[in-house]
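What follows is calculated from the coordinates using simple rules that are stated; it is not laboratory data. Worth saying up front: this structure is predicted, and the values here are computed from it rather than measured. Every residue, glycine as well, gets a Cβ built from its backbone with ideal geometry; the counts of neighbours run over all protein chains shown.
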Amino acid sequence: MRTLKQFMLLLMTVSLVTITGCKSDDDGGNGGGAASGTIEANIDGAAFTSLELTSIATLANGNLIIQGNDADGKSVVMTIFAYDGEGTYEFTGVDPLILHTASYIEADINNPANTQSWLAPFDGTLAGSVSISNETSDSIEGTFEFTGKNANDMSMVDVTMGSFNLSKQTL
């Protein structure tokens, strides 16, 4: 009986170590499904896919900028200040120093003054997040979502199901 108790204790200990030793993917998300070199998202339900030629992630002075434009002048830009590697970064204005921002922009080529931008965060609430799930020396991959507000007309835009799979340059 004593051997059975010792065996059960050993089995429970090994199981506990195995379970707690596994890393959770919740920290950086699942990577999404964007095609190589692009940013993909739904903008108020409409599909957005950036062009590979105009999409990149740039790491400079500890800050990460993720950006991509499509052929119609629409773009998604996210900035993570004090970037610290894989994980989730929130777009929130709670901190007086807003550390992470996102924007959706619709450029008007014929009338640049009519270009519209929706920004997150726009107040002290959580407006979304970006999750970096995989990073190498020359690429970065992850998911994002946010709600942006246009300061001109106070309209809102929901950017959902966002993912990116981009080349990364370090300056």
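Worth a mention:
- For the peptides 35-43, 58-66, residues were scored by their other Cβ atoms within 10 Å and the scores averaged per peptide; the highest-first order is 35-43, 58-66.
- When peptides 68-74, 156-162, 45-51 are sorted by average Cβ neighbour count within 10 Å, with the highest value leading, the order is 156-162, 68-74, 45-51.
- For the range 25-170: relative contact order, % (alpha-carbon pairs under 8 angstrom, 6 or more apart): 30 percent
- Summing charges over all other residues whose Cβ lies under 13 Å from the Cβ of L51, with Lys and Arg as +1 and Asp and Glu as -1, gives -3.
- Where labels lie 7 Å past Cα in the beta-carbon direction, separation of S139 and Q169 in nm: 1.9 nm
- Calculated log₁₀ intensity ratio I(q)/I(0) where the Debye formula runs over C-alpha points of the range 25-170, q = 0.10, 0.13, 0.20, 0.21 Å⁻¹: -0.30, -0.52, -1.26, -1.37
- Virtual paramagnetic centre 7 Å along Cα→Cβ of M156, amide N under 12 Å, in the range 111-142: 122-123, 125-128
- A cut-off under 13 angstrom between Cβ atoms defines the neighbours of T160, and their net charge, with Lys, Arg +1 and Asp, Glu -1, is -4.
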